[in-house]
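**Q** First the structure, then my questions, so here it is.
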Amino acid sequence: MANRLEGKKVAILVANGFEQIEMTEPRKALEAEGAETVLVSPAENKVKGWNHVEWGDDFPVDLPLERASADDFDALMLPGGQMNPDNLRILPQAVAFAREFLEAGKPVAAICHGPWLLVEADVVGGRTVTSWPSIKTDLSNAGAHWVDQEVVVDRGLVTSRKPDDLPAFNRKMIEEFAEGTHLGQAQATRRQRPSQRAH
């Protein structure tokens with residue numbers, strides 16, 4: 001079953017402070033299955049990872065966020081790290097970029113603090129998700145059903161809690177990315193967003 005993602009292009013959206021292993025391990029898994037991965041970031045030229053309790057390595061930015069469009073990709077991967085999504089969710093371009101994937105029904109995988117960006121994008125209402133425990137309340141308040149499991153799949157949206165969950169996360173991410181567009185995800189996202197805005 002090698003090369004299940006041949007011909008697919010996956011955006012990996014990060015800002016400075018992303019949890020390094022939550023980017024590098026999924027990226028390796030995606031590329032091993034034939035996907036082309038593109039590191040998208042608001043950072044210029046290079047972006048810095050976070051390695052557990054200290055700054056990690058620098059990685060070259062493949063595509064500046066300001067030039068990125070969800071139309072050019074088949075799927076989106078969102079690593080965690082506390083600083084990373086907190087930096088992204090204050091940027092309208094980052095929020096819109098993530099939202100466009102879900103509205104189009106394209107698969108999205110987010111781990112640890114990664115789903116925080118999806119709260120800001122107003123696309124988790126009615127979805128079953130997991131995450132790092134500290135953002136459970138944020139997800140619940142945004143209308144998501146939060147569960148404590150190593151990996152959760154809901155109509156093309158894959159979420160996990162922490163680095164220990166990476167093997168399960170990578171397996172499900174590859175399965176969902178291989179399946180492609182999920183019409184149910186697009187319909188669910190479009191249905192829930194107006195009602196969320198009304199509250």
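The values are calculated or read from the model by the stated rules, or taken from the named source; none is laboratory data. These numbers come from a predicted model, not from an experiment. Note: ideal-geometry Cβ built from the backbone for every residue, glycine included; neighbour counts use all protein chains shown.
**Q** Is it true that Asp165 is buried (at least 16 other Cβ atoms within 10 Å of the Cβ), under 23 Å from Phe18 (Cα atoms) and over 14 Å from the mean Cα position of the chain (by Cα)?
**A** Values: buried (at least 16 other Cβ atoms within 10 Å of the Cβ): yes; under 23 Å from Phe18 (Cα atoms): yes; over 14 Å from the mean Cα position of the chain (by Cα): yes.
The answer is yes for Asp165.
**Q** I'd like to verify a number: residues in segment 66-95 that are in a helix (DSSP H, G or I), farther than 25 Å from Ser134 by Cβ and not polar (S, T, N, Q), how many? Walk me through how you get there before you give the answer.
**A** Within segment 66-95, the subset in a helix (DSSP H, G or I) is 66-67, 70-72, 83-88, 92-95.
After this cut, where a residue has to be farther than 25 Å from Ser134 by Cβ as well, the list is 66-67, 70-72, 93.
Now narrow it down to the ones that are not polar (S, T, N, Q): 66-67, 70-72.
Selection size over segment 66-95: 5.
**Q** Any chance you could count how many residues in segment 114-130 are within 9 Å of the chain's Cα centre (by Cα) and either over 20 Å from Ala15 (Cα atoms) or in a loop (DSSP other than H, G, I, E, B) (or both)?
**A** First, pick out the residues of segment 114-130 that are within 9 Å of the chain's Cα centre (by Cα): 114-115, 117-118.
Going one step further and asking which of them are either over 20 Å from Ala15 (Cα atoms) or in a loop (DSSP other than H, G, I, E, B) (or both), we end up with 114-115.
Adding up the residues that qualify gives 2.
**Q** Still on this structure: Buried (at least 20 other Cβ atoms within 10 Å of the Cβ), touching a Pro at 6+ places or on another chain (Cβ under 9 Å) and assigned to a helix (DSSP H, G or I): does that describe Leu102?
**A** Values: buried (at least 20 other Cβ atoms within 10 Å of the Cβ): yes; touching a Pro at 6+ places or on another chain (Cβ under 9 Å): no; assigned to a helix (DSSP H, G or I): yes.
The answer is no for Leu102.
**Q** While we're looking at this one, here's another question. In the list Ile12, Ile90, which residue meets the criterion of being within 19 Å of Leu118 (Cβ to Cβ), of a type in the set (Val, Ile, Thr) and surrounded by fewer than 19 Cβ atoms within 10 Å (Cβ to Cβ)? Reasoning before the result, please.
**A** Details: Ile12 fails: surrounded by fewer than 19 Cβ atoms within 10 Å (Cβ to Cβ).
Criteria check complete, one pass: Ile90.
**Q** Related question: Looking only at segment 105-120, count every residue that is surrounded by fewer than 24 Cβ atoms within 10 Å (Cβ to Cβ) and within 28 Å of His52 (Cβ to Cβ) and tell me the total.
**A** 2
**Q** Just to verify a result, which residue in segment 141-199, among those that are over 24 Å from Glu25 (Cβ atoms), of a type in the set (S, T, N, Q) and outside any loop (DSSP other than H, G, I, E, B), is modelled with the highest pLDDT?
**A** Asn141
**Q** If I ask for residues that are touching a strand residue (DSSP E or B) at 6+ places or on another chain (Cβ under 7 Å) and either free of Cβ contacts under 8 Å to residues at least 12 places away in the same chain or polar (S, T, N, Q) (or both), which ones from segment 1-32 would you list? Break it down into steps so the answer makes sense when it comes.
**A** Of segment 1-32, the ones touching a strand residue (DSSP E or B) at 6+ places or on another chain (Cβ under 7 Å) are 8-20, 22-23, 26-27, 30-31.
Answer for segment 1-32, where residues must be touching a strand residue (DSSP E or B) at 6+ places or on another chain (Cβ under 7 Å) and either free of Cβ contacts under 8 Å to residues at least 12 places away in the same chain or polar (S, T, N, Q) (or both): Asn16, Gln20, Glu31.
**Q** Another question, then. Just need a number here: residues in segment 128-159 that are among the polar types (S, T, N, Q) and either in contact (Cβ under 8 Å) with a residue 60 or more places away in the chain or closer than 19 Å to His182 by Cα (or both).
**A** Applying the first criterion (among the polar types (S, T, N, Q)) to segment 128-159 yields 128, 130-131, 134, 137, 140-141, 149, 159.
Filter once more, keeping what is either in contact (Cβ under 8 Å) with a residue 60 or more places away in the chain or closer than 19 Å to His182 by Cα (or both): 128, 159.
Going through segment 128-159 one residue at a time, the tally reaches 2.
For every residue, the table says whether it meets (1) farther than 19 Å from Lys8 by Cα; (2) under 12 Å from the mean Cα position of the chain (by Cα).
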{"site": "Glu66", "(1), (2)": "yes, no"}
{"site": "Leu76", "(1), (2)": "no, yes"}
{"site": "Pro92", "(1), (2)": "yes, no"}
{"site": "Val95", "(1), (2)": "yes, yes"}
{"site": "Glu103", "(1), (2)": "no, no"}
{"site": "Pro107", "(1), (2)": "no, yes"}
{"site": "Cys112", "(1), (2)": "yes, yes"}
